[in-house]
1. Only one of (1) in contact with a Ser or Thr (Cβ under 6 Å, 6 or more places away or on another chain); (2) surrounded by fewer than 16 Cβ atoms within 10 Å (Cβ to Cβ); (3) under 30 Å from residue 78 (Cβ atoms) is not met by residue 216, so which one is it?
2. Residues in the range 68-77: is at least one exposed (fewer than 13 other Cβ atoms within 10 Å of the Cβ), part of a helix (DSSP H, G or I) and modelled with pLDDT under 85?
3. Working only within the range 169-203, note down all residues that are in a loop (DSSP other than H, G, I, E, B), more than 18 Å from residue 115 (Cβ to Cβ) and of a type in the set (A, V, I, L, M, F, W, C).
4. Among what's in the range 177-196 and is out of contact with any Pro (no Cβ under 9 Å at 6 or more places or on another chain) and surrounded by 15 or more Cβ atoms within 10 Å (Cβ to Cβ), pick the residue that is farthest from residue 108 (Cα to Cα).
5. I'm told residue 129 meets every condition in (1) in a helix (DSSP H, G or I); (2) of a type in the set (A, V, I, L, M); (3) touching a His at 6+ places or on another chain (Cβ under 6 Å) except one. Can you identify the failing condition by its number?
6. Quick one: in the range 98-157, which of the residues that are in contact (Cβ under 8 Å) with a residue 60 or more places away in the chain and in contact with a Lys or Arg (Cβ under 8 Å, 6 or more places away or on another chain) is surrounded by the most Cβ atoms within 10 Å (Cβ to Cβ)?
Amino acid sequence: LQDSLLNLVLNARDACNGDGEISLLVDVVQDTWIEFTVIDTGPGFSEHALSHVFDPFFTTKGDNGSGLGLAMVYDVAKLAGGRVQARNGATGAEVCLRLPLRLAPAPVAPGLALLVEDNALIRTDVREMLISQGHTVIEATSTEEALLLAQDLPDIALVLSDISLEGEATGIDLIERLGQTRPTSFLMTSLPETDPLFQRAVQLAPVIRKPFNSETLQIYLGLDTVS
């Protein structure tokens, strides 16, 4: 998202040619979507540009542009299940990026964490990260083992599970079977964003990309703000 908005702002800057104004508007739509609209006071899009603005390698900047910035924005929007639209507004060009609205979970206070990971080395590393952040950690290597622990220990405050686990059931299955009343839950994976399992996972819970360090985990858990 940051890269997409940066691309849109840089394009708006170039369109203004050193003299103009750029606005970024953010709106929530029906509690389902979030829209980011970048508006500039440049000359706007030509009809030809509007027809090809999201085509790879299409550029109006000559040798100064690659034509990949807006194509990347388009790909990000589609991959996330959203859309991007370009149009001319009252003052100049407008590009609207609409994405599914997924609210960040509340910060996770230190408590009992269920770590589900079948790789012993990774499990050790992540356990140490969680302990350093004040959590008490219990561990499992499969969905079945994790569900038994969750059933016996109602005080679990956090579930952190890899997507790929021992056995046929995945971390996605674990999150689904824990139900709507589950503790705050995160999934971990090194799968690419185009993998079908990754796409299923992000519909259920925040996904932390492997490898990650303690600082990244703190950000996801909302325990720290990194300047």
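1. (1)
2. To start, the set of residues in the range 68-77 that are exposed (fewer than 13 other Cβ atoms within 10 Å of the Cβ) comprises none.
Scanning the range 68-77, I find no residue that is exposed (fewer than 13 other Cβ atoms within 10 Å of the Cβ), part of a helix (DSSP H, G or I) and modelled with pLDDT under 85, so the answer is no.
3. Correct list: 191, 202.
4. Once the filter is applied, the top-ranked residue is 191.
5. Every condition holds for residue 129 apart from (3).
6. For the range 98-157, the residue satisfying everything is 117.
Condition check ((1) under 21 Å from the mean Cα position of the chain (by Cα); (2) more than 17 Å from residue 217 (Cα to Cα); (3) not assigned by TED's automatic domain parsing to the domain that holds residue 215) across all residues:
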residue: 125; (1), (2), (3): no, no, no
residue: 140; (1), (2), (3): no, yes, no
residue: 154; (1), (2), (3): no, yes, no
residue: 160; (1), (2), (3): yes, no, no
residue: 167; (1), (2), (3): no, yes, no
residue: 170; (1), (2), (3): yes, yes, no
residue: 175; (1), (2), (3): yes, yes, no
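The values are calculated or read from the model by the stated rules, or taken from the named source; none is laboratory data. Small disclaimer: the values here were computed from a predicted structure and weren't measured. Using ideal geometry, Cβ is built from the backbone for each residue, glycine included, and neighbour counts are taken over all protein chains shown.
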